[in-house]
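**Q** Could you have a look at this structure, given as structure tokens, before my questions?
The values are calculated or read from the model by the stated rules, or taken from the named source; none is laboratory data. These numbers were taken from a predicted model, which means no experiment stands behind them. Every residue, glycine among them, receives a Cβ derived from its backbone with ideal geometry; neighbour counts consider all protein chains shown. Only protein heavy atoms, including side chains, enter the accessible area calculation; ligands, DNA and RNA are left aside. Shrake-Rupley method; radii C 1.70, N 1.55, O 1.52, S 1.80 Å.
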Amino acid sequence: MCIVIDMNVVKTVFNEEEKDHQYYKPVKDWILRGKGKMVVGGKTYHEELKRMYKFRKLYLALRKAGKVVVGGCDEKIDKLEMELKETLNHRDFDDPHIVALLIVSGCKVICSEDARAYPFFQKNEWYPKGQNVPKIYCKRSYSKSKEILSDSNIAGICLPCSRLNRVQQDAFSGIVVT
């Protein structure tokens, strides 16, 4: 499974001290202990990552361990982001970069608590024929975590998938996101 993680939940996914972490622990475990990978891409997404300086150390470690995948050509994601902005001017549509990343990467899961964005993440006509709209992992869908965070939701861009060995997993336990 690969997953795009919206910046509004990165801290909740990776920081055990966060109030709602128990709902996002399956995402963290799937990435650190399972076959999961985090999908990133596009200028806007990378800029958001840079502003999350307390996540930077973990992000770099995840990249080094092969648990981060660039979801396609950044230029292609950026171009599609601009096209989506031009296509739809709506006050609740403030994440066209995430939609572009989902489309270009073929990623099948988005992790977000931005309910205003859900209709845009799942706007069927934006996705190429044969590409299903992504599933949304959020606090409300926690009860379906085993279904959502499964091998059936591994996009081609994330293959091959492998688990970290015990030494690699243990190395992540010392990295704290505050």
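**Q** Using the Cα centre as the reference, give the magnitude of the dipole from point charges on the C-beta atoms of segment 46-142 (Lys, Arg: +1; Asp, Glu: -1; all else neutral), rounded to the nearest 20 debye. Can you show the working numbers first?
**A** Numbers: 19 positive and 14 negative charges, 139 e Å.
Using Cβ point charges on Lys, Arg, Asp and Glu, segment 46-142 gives about 660 debye.
**Q** For a protection proxy built on the mean count of beta-carbon atoms within 10 angstrom, sort 67-74, 155-162 highest first, please. Display every interim value, and only then the final one.
**A** On the way: 67-74: 19.6, 155-162: 14.6.
By packing density, highest mean first, the sequence is 67-74, 155-162.
**Q** Full extension from residue 150 to residue 131: what is 0.36 nm times the residue separation minus their Cα-Cα distance, to one decimal in nm?
**A** Values: separation 19, 0.36 × 19 = 6.84 nm, distance 1.73 nm.
Here the segment from residue 150 to residue 131 would lengthen by 5.1 nm.
**Q** Okay, next question. Amide H of residue 55: which non-local residues (sequence gap of 5 or more, or other chain) have their own amide H closer than 5 Å, using H built in the peptide plane?
**A** Amide H neighbours of residue 55, under 5 Å, 5+ apart: none.
**Q** Would you work out the charge dipole size for segment 126-168 about its Cα centre, treating the Cβ of every Lys and Arg as +1 and the Cβ of every Asp and Glu as -1, and quote it to the nearest 20 debye? Numbers along the way, then the final one.
**A** On the way: 8 positive and 2 negative charges, 39 e Å.
Using only the charged Cβ atoms, the result is roughly 180 debye.
**Q** Using the Kirkwood radius over C-alpha pairs as Rh, can you work out the diffusion coefficient of the chain via Stokes-Einstein at 37 °C, viscosity 0.692 mPa s, in µm² per second?
**A** Working: Rh = 16.3 Å.
Rounded, D is 201 µm²/s.
**Q** Considering only protein heavy atoms, what per residue accessible area in square angstrom results for the chain with a 1.4 angstrom probe?
**A** Dividing the accessible area of the chain by its residue count gives 53 Å².
**Q** Let's test the formula: R0 of 41 Å, r as the Cβ-Cβ distance of residue 25 and residue 86. What FRET efficiency results, to the nearest 0.05? Working shown, then result.
**A** Working: r = 39 Å, r/R0 = 0.95.
FRET efficiency, residue 25 to residue 86: 0.60.
**Q** Quick check: from the Cα gyration tensor, does segment 95-139 come out rounded (a/c under 1.5), prolate or oblate? Write out the running numbers ahead of the final one.
**A** Details: a/c = 1.71, a/b = 1.58, b/c = 1.09.
Prolate, because a/c is 1.5 or more and a/b exceeds b/c.
**Q** Quick check for me: using +1 on Lys/Arg Cβ and -1 on Asp/Glu Cβ, what's the dipole size of the chain about its Cα centre, in debye to the nearest 20? Intermediate values should be presented prior to the final figure.
**A** Details: 31 positive and 23 negative charges, 135 e Å.
Value, rounded to 20: 640 debye.
**Q** Could you work out how far the C-alpha centroid of segment 77-95 sits from that of segment 143-178, in angstrom?
**A** Between the Cα centre of segment 77-95 and that of segment 143-178, the gap is 30 Å.
**Q** Here is a further query. Could you calculate the contour length gain from residue 79 to residue 8, that is, 0.36 nm times the residue separation minus the distance between their Cα atoms, to one decimal place in nm?
**A** On the way: separation 71, 0.36 × 71 = 25.56 nm, distance 2.34 nm.
Contour length minus Cα-Cα distance gives 23.2 nm.
**Q** Cross-link partners among lysines for residue 43, C-alpha distance below 17 Å, same-chain residues fewer than 8 apart left out?
**A** 76, 79, 85
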